[in-house]
Amino acid sequence: MKNTKIRVGLIGLGRMGRFYLDEMKKSGRWDVAYICDISPRSREVAKELSPESRIVDDENIVFEDESVQAVGLFTLANNRKEQIEKALRYGKHILSEKPIADTIEREWEVVGMTEHSDRIATVNLYLRNSWYHQQLKAFVEAGELGELAIIRVCHMTPGLAPGEGHEYEGPAFHDCGMHYVDIARWYAGCDYKTWHAQAIDMWSYKEPWWLQCHGTFQNGIVFDITQGFVYGQLSKDQTHNSYVDLIGTKGIARMTHDFKTAVVELHGVNQTLRIEKPFGGKNIDVLCNRFADSILAGEASPLLPKMRDSALASEYAWKFLADAKSHDLPAIGTLETLEEIRERRRTMKNGYGLLPNR
């Protein structure tokens, strides 16, 4: 049973779609029957990367093939609700990028339809699949920190600049920041209760590209989340600042990374550990394997993120953005500087121009 290949169709072969294709081909667990993309260039790339797959420009061909057991949905968010509806109509299991639709209302419609279906539906909230977050959470659950009291998350890089795409996914704190909104909620084990956010319209762009939010969860745990792609965009040698800091009544656990290596430091009541391993990127291999295991078992693994998790993270990210806009929202810098940043990112051959943005 474990060696049974699952017949899948991939819709969208942009940057993320290629990550999935690569991992599915490496694992040997998937028969990539179709790759669909409306871009002629992407279809040419698909032929090069997966000559055994049927390359099409009409997604209905994929949905209507009864032999296809699952679909991967990797286009932009404005297409996802309709694609998820089609997948359920034709009886396919679903692996989706986030957000699961382009508005909160449509996201909750997706939650409703998937939760009333017997199909397995999951979404790429990739931080949950990372070895370092699993390690940190296990340490917390072992009682090494006493009671978890404070969750601090920071992710600032010279990443995706305004106007470079992802418009349907929203500004930086929604497109990227919803991952950190999700992981903080995952650690807390309950929903947000109160929040206060401050943001800035960096380079006088129309949307904030940096935001910090702090507040409480329903169980009393306090949080702060900082996210922005504003960290030294034009500095000679680029760097970043990314960490998770969990503070308990007795001990602490923390993580930092440089996109190559992640370092976990655990200072508990019984153990002091330092663990250093490869970062693991977006951990698409872990997600795909858990999805495959779930399909073969006939039920979703509890480790698979649910569509509801994505909708909640998206909704709170939008709420935090709205809260920031209700306060003083400074605009600093110029659009001319932003154009310099875009030009630099267009011409960069290495460094943060090509590193994961989310």
Using θ = phi - 60° and the Karplus form 6.51 cos²θ - 1.76 cosθ + 1.60, what ³J(HN,Hα) does each residue of the stretch 113-125 get, whole Hz, x for Gly and Pro? 6, 6, 6, 9, 10, 8, 7, 7, 10, 9, 9, 7, 9
If each of residue 66 and residue 270 carries a label point 7 Å out from its Cα toward its Cβ, how far apart are those two points in nm? 5.6 nm
Between residue 342 and residue 44, the two model label points (7 Å from Cα along the beta-carbon direction) sit apart by a distance in nm of 2.5 nm
Heavy-atom surface of the chain, accessible at 1.4 Å and reported per residue (Å²): 43 Å²
What Kirkwood hydrodynamic radius do you get for the stretch 1-120 when you take the inverse of the mean 1/r over all pairs of distinct Cα atoms, in Å? 14.4 Å
Just how large is the dipole of the chain about the Cα centre, in debye to the nearest 20, putting +1 at every Lys and Arg Cβ and -1 at every Asp and Glu Cβ? 880 debye
Just the number, please: carbon plus sulfur as a percent of the accessible area of the stretch 208-299, 1.4 Å probe, no ligands or DNA/RNA counted. 48 percent
So who's got an amide H within less than 5 Å of the one on residue 30, skipping anything under 5 residues away but keeping other chains? H placed 1.01 Å off N, in plane. 6
Among 120, 100, 341, which one shows the highest mean-square fluctuation when the chain is modelled as a Gaussian network with alpha-carbon springs under 10 Å? 341
Looking at the chain, what % of its DSSP beta bridges pair antiparallel, to the nearest 5? 60 percent
If you average the C-alpha positions of the stretch 282-307 and of the stretch 159-229 separately, how far apart do those two centres end up, in angstrom? 26 Å
Quick one: order 182, 57 from most to least accessible surface, probe 1.4 Å. 57, 182
Would you work out which of 183, 138, 229 lies farthest towards the positive end of the dipole of the stretch 138-238? Charges go on Cβ: Lys and Arg +1, Asp and Glu -1. 229
Can you compute 3J(HN,Hα) from phi for each residue in the stretch 156-163, using the Karplus curve 6.51 cos²θ - 1.76 cosθ + 1.60 with θ = phi - 60°, rounded to whole Hz and x for Gly and Pro? 10, 9, x, x, 3, 8, x, x
Approximate spin-label separation residue 234-residue 5, in nm, with each point projected 7 Å along Cα-to-Cβ: 5.2 nm
Taking 0.36 nm per residue of sequence separation and subtracting the Cα-Cα distance, how much length would be gained by fully extending the chain between residue 76 and residue 319, in nm to one decimal? 85.3 nm
For residue 93, what residues show an amide H to amide H distance below 5 Å, using hydrogens built from the backbone and excluding near sequence neighbours? 70, 71
Ignoring everything except DSSP H segments at least 4 long, calculate the 222 nm mean residue ellipticity for the chain; use -39,500 (n - 2.57) per segment, divide by total residues, nearest 500. -10500 deg cm²/dmol
Which whole-Hz ³J(HN,Hα) couplings does the stretch 212-218 yield from phi under the Karplus relation 6.51 cos²θ - 1.76 cosθ + 1.60, θ = phi - 60°, glycine and proline marked x? 10, 9, 9, x, 9, 9, 4
Among DSSP beta bridges whose residues both lie in the stretch 139-232, state the antiparallel percentage, nearest 5. 70 percent
If the limit is 30 Å between Cα atoms, which of 81/282; 98/277; 47/282; 98/250; 47/86 go over it? 98/250
Here are some values of Cα extents along the principal axes in Å: [x] 64, 51, 42; [y] 53, 53, 38; [z] 110, 50, 28. Which one was computed from this structure? [y]
Using modelled amide H (1.01 Å from N, peptide plane; none on Pro or chain starts), what sits under 5 Å from the amide H of residue 262, excluding residues fewer than 5 places away? 277, 279
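The values are calculated or read from the model by the stated rules, or taken from the named source; none is laboratory data. For clarity, every value in this text was computed on a predicted model and none was experimentally measured. We place every Cβ from the backbone using ideal geometry, glycine too, and count neighbours over all the protein chains shown. Please note that ligands, DNA and RNA were not included when accessible areas were found on the heavy atoms of the full protein model with its side chains. Shrake-Rupley method; radii C 1.70, N 1.55, O 1.52, S 1.80 Å.
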